[in-house]
1. Every residue in region 87-114 that is more than 15 Å from the ligand (Cβ to nearest atom) and surrounded by 12 or more Cβ atoms within 10 Å (Cβ to Cβ), please.
2. Any chance you could count how many residues in region 135-156 are closer than 28 Å to Gly58 by Cβ and assigned to a loop (DSSP other than H, G, I, E, B)?
3. How many residues are within 17 Å of Thr48 (Cα to Cα) and more than 15 Å from the chain's Cα centre (by Cα) when one looks only at region 111-135?
4. If only one of Gly58, Gly65 is touching a Cys at 6+ places or on another chain (Cβ under 7 Å), of a type in the set (Gly, Ala, Ser), under 17 Å from Pro162 (Cα atoms) and in contact (Cβ under 8 Å) with a residue 24 or more places away in the chain, which one is it?
5. Of the residues Pro114, Pro159, Pro132, which is assigned to a loop (DSSP other than H, G, I, E, B) and closer than 25 Å to Asn71 by Cβ?
6. Consider region 47-60. How many of its residues are within 12 Å of the ligand (Cβ to nearest atom) and modelled with pLDDT under 95?
7. Please go through region 65-105 and give me each residue that is touching a Ser or Thr at 6+ places or on another chain (Cβ under 6 Å), farther than 16 Å from Arg55 by Cβ and modelled with pLDDT of 95 or more, ordered by number.
8. I want to confirm something. Restricting to region 139-152 and keeping residues that are of a type outside the set (Gly, Ala, Ser) and modelled with pLDDT under 95, which single residue is surrounded by the fewest Cβ atoms within 10 Å (Cβ to Cβ)?
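The values are calculated or read from the model by the stated rules, or taken from the named source; none is laboratory data. This is a predicted model, so every value here is computed, not measured. As a convention, Cβ positions derive from the backbone with ideal geometry for all residues, glycine included, and neighbour counts pool all protein chains shown.
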Amino acid sequence: MDEVKNARQNMTRRQAVLFGRRALAWSMAALCGAPMVAQAAGISSDLTVSDPWIRTVGGPAPAAGYFTLSNASGTPEILAGVSSPDCGKLTMHESRNVNGVESMVMVVQRPVPPHGRIVFAPGSFHLMCMSPSRAVRPGAQIPVVLRFADGRRLQVRFPVRPIGGG
Ligand SMILES: [Cu+2]
């Protein structure tokens with residue numbers, strides 16, 4: 001994470017554009033790997049989201065989203081998709097570390113057990129905001145829709161925080 005911050009501080013905006021691919025690789029590694037502390041917010045009935053937040057390194061680099069999803073009902077639910085008007089494509093990812101090598105895999109859906117919960121957190125499952133709009137900046141709140149296999153939708157506002165901030 002320090003490498004990312006230092007590298008970013010040393011880059012001008014123009015260089016960031018010129019070296020966008022490399023910047024993207026840095027930021028994705030940082031966003032998907034480093035631990036951070038979350039905060040509050042919630043919504044809804046049987047399905048409840050808590051601690052939603054988005055971490056950004058700024059600019060057009062992909063941002064990562066984290067939250068906890070609880071299912072208070074006695075029936076299993078399936079989180080089957082995510083979207084946001086401020087992310088271009090929003091996807092679910094899982095970070096993995098195999099023999100010290102970090103990678104991310106696409107996640108199509110995640111089951112939420114009855115009376116249980118699932119967690120999206122740094123270093124594990126996360127949302128990937130592939131093409132952040134200008135609205136994705138620290139202090140803002142970004143609308144995200146969680147879509148479930150039974151057709152239900154949950155709209156949640158995700159506060160945006162800077163990488164290294166909190
Ligand atoms: Cu990712």
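1. Gln109, Pro111, Val112, Pro114
2. Residues in region 135-156 being closer than 28 Å to Gly58 by Cβ and assigned to a loop (DSSP other than H, G, I, E, B): 6 in total.
3. 7
4. The match here is Gly65.
5. Pro114
6. Number satisfying all stated conditions: 0.
7. Ser70, Gly88
8. Out of the qualifying residues, it is Asp150.
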